[in-house]
Amino acid sequence: MRWLAPVVLLGLSQCTRPECTPPGYWIPECRVIAENELAQLKNSDGVEVRFQDPNTSRTGSWEATGLVQLADDGSFLARVAGLGGFRLSVHRNDGPGQVAISIDNVHPDIPPLDGEVERVGLIRRLELSLTESVVEIRGELPGSICAGAYRIAAVADIQTNPLQFGRIIEELHNEEADGVPLLGMLLLGDVAELGTREEMQYVADLMAASPVPIALTAGNHDVYSDRDAVFNEVFGPGNHAFDVCDARVVLVDTGSGYLAASIRGRLNALMKTDRQFLIAGMHHPPFPGRTSSGWTKEDQAQQLVAELAANDGDLLLAGHLHQRLQNDNTPVPQIIVGTAGASQFAVDPDYGFLRMTFEDKKLETCFVSVPAPGSPGGHERKRGPDNCPFTVGAQNGK
């Protein structure tokens, strides 16, 4: 029986090896671990801030629905990952105290939060008295916004042209002025070209001028780092789902060309909803015949589409291809909108964003052009009902 010993020891060594040591953040499962770790943080005084699922009341754990960091002055910085409502819990175990928290990516129409002392753009600054061991912070969109039509924008692929993305941010202010509430924008990967912290922080600074929150997931250019989970450390989770009015939005990180096993196992739970609409967003498009343009495991691409179809999904959004492209000959209509600024190798590049309008159980989509300066097709955007001339499609919700 002595010959069994080395086999058993070898098996134990392989089975007990931690998932991401040494770190390899090009591996999607390592990024899942990182985004969960980054959703909570305890300071040196023993105060802990955790992001929570806004659809529950649990506070014993936390959810990867945002990013928590510490500022240089020791106060907490929290970035909400999704659009619409959010919830945080603040924990203190050694008696009453005070804590300062700045919460970023909050829609301007969300009413004042408990302890709010200042508002700058999408940032709410709070000073909380911790009179109990757990204090909750909850933000919700007012019901009046969800009572009528509302919009969500979507785009992907900034890469080497963040200035063009800045022009798209400026155009969002015009969307806000059109009378239909704009609840936010989805940014579907390739924020950067080389995946550096400097690139991503530059885009984050541009996003500070946005009139509405921006929800992100990662692209292949965002996950080149092996030692650091840079995308997650700047923007938060790449895998997250949220409800905004009567829409469920599910964003998944396909930056490595395949999904983390833990996310594949949760696809059905992430997509299950009683909301009117179900939208999925990712970087690599799972188009039949096009999955080789990014997906390294094509069966996973089709599994994702199948899960979305099984849950009566209304629309699948992607980037990666630097163009706008529609495919309705699929179980769920799919739209590519890789038009945020990345090179299209064209004299007159087709830059802009997808506008989704939700109203009366109908989802209408069209492409809003934001031409580059000097473009042969450049023109002032027309106001009024003809301001979105490129109709992409329309679907009925559940």
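Which listed residue (THR330, THR217, VAL47) has the Cα farthest towards the positive end of the charge dipole for the chain, taking +1 on Lys and Arg C-beta and -1 on Asp and Glu C-beta about the Cα centre?
THR330
Give me the orientation-averaged projected area of the Cα convex hull of the stretch 278-329, in nm², one decimal. Kindly include the intermediate steps, with their values, before the conclusion.
On the way: hull surface 13.8 nm².
One quarter of the hull surface, i.e. the mean projection, equals 3.4 nm².
With a sphere of radius 9 Å drawn around the Cβ of ASP104, what net charge do the other residues whose Cβ falls strictly inside it have (Lys, Arg +1; Asp, Glu -1)?
On the way: positive: ARG79, ARG124; negative: none.
Taking every Cβ under 9 Å from that of ASP104, the sum is +2.
Semi-axes of the equivalent ellipsoid for the stretch 154-196, please: Cα gyration tensor eigenvalues, times 5, square-rooted, ordered largest first, whole Å. Could you put the intermediate results ahead of the total?
On the way: eigenvalues 113, 25, 6 Å².
The equivalent ellipsoid of the stretch 154-196 has semi-axes of 24, 11, 5 Å.
Name the residue from ALA306, VAL244, VAL347 whose Cα lies farthest towards the positive end of the charge dipole of the stretch 143-396, charges +1 on Cβ of Lys and Arg and -1 on Cβ of Asp and Glu.
The one lying farthest along the dipole's positive direction is ALA306.
Taking only the alpha carbons of the chain, what extent do you get along each of the three principal axes, in Å, biggest first?
Reported extents, whole Å, longest axis first: 73, 60, 41.
Compute, for the chain, the length of the dipole vector about the Cα centre, with Cβ point charges of +1 (Lys, Arg) and -1 (Asp, Glu) only. Units Debye, rounded to 20. Don't jump to the answer; show the numbers that get you there.
Values: 32 positive and 52 negative charges, 183 e Å.
Here the size comes out at about 880 debye.
So what are the ³J(HN,Hα) numbers for the stretch 159-172, from phi and the Karplus equation (6.51, -1.76, 1.60; θ = phi - 60°), rounded to whole Hz, Gly and Pro as x?
Result, ordered by residue: 6, 8, 10, x, 5, 5, 4, x, 5, 5, 4, 4, 5, 4 Hz.
Return the percentage of antiparallel bridges among DSSP beta bridges fully within the stretch 238-307, rounded to the nearest 5 %. Before the final figure, lay out the partial values.
Values: 5 of 10 bridges.
Percent antiparallel among DSSP bridges in the stretch 238-307 is about 50.
Only Cα pairs under 8 Å and at least 6 apart count here; give the relative contact order of the chain as a rounded whole percent. Each step should come with its number before you reach the end.
Working: 948 pairs, mean separation 57.2, N = 398.
So the answer I get is 14 percent.
Using DSSP to call loops (not H, G, I, E or B), can you name the chymotrypsin sites (Phe, Trp or Tyr not before Pro) in the stretch 302-371 whose Cβ has at most 15 other Cβ atoms within 10 angstrom? Before the final figure, lay out the partial values.
On the way: sites: PHE345, TYR351, PHE353, PHE358, PHE367; in loops: PHE345, TYR351.
Filter output for the stretch 302-371: PHE345.
Which of the aspartates and glutamates could a cross-linker bridge to LYS362, judged by Cα under 12 Å and excluding same-chain residues fewer than eight apart?
Result set, ordered by chain and number: ASP246, ASP314.
Starting from the Cα gyration tensor of the stretch 28-139, take the square roots of the eigenvalues, sort them a ≥ b ≥ c, and report rounded, prolate or oblate (rounded when a/c is under 1.5, otherwise prolate if a/b is larger than b/c, else oblate).
It comes out rounded by the Cα gyration axes.
Using only Cα atoms, what Kirkwood radius does the stretch 203-313 have, in angstroms? All intermediate terms of the calculation are to be shown ahead of the outcome.
Details: mean 1/r = 0.0670 Å⁻¹.
One over the average 1/r among Cα pairs gives 14.9 Å for the stretch 203-313.
Since every read-out is calculated from the coordinates, none of them should be taken as a lab result. The model shown is predicted, which means the values in this text are computed figures rather than measured ones. Methodologically, a virtual Cβ is constructed for each residue, glycine included, from the backbone with ideal geometry; neighbour enumeration extends over all protein chains shown.
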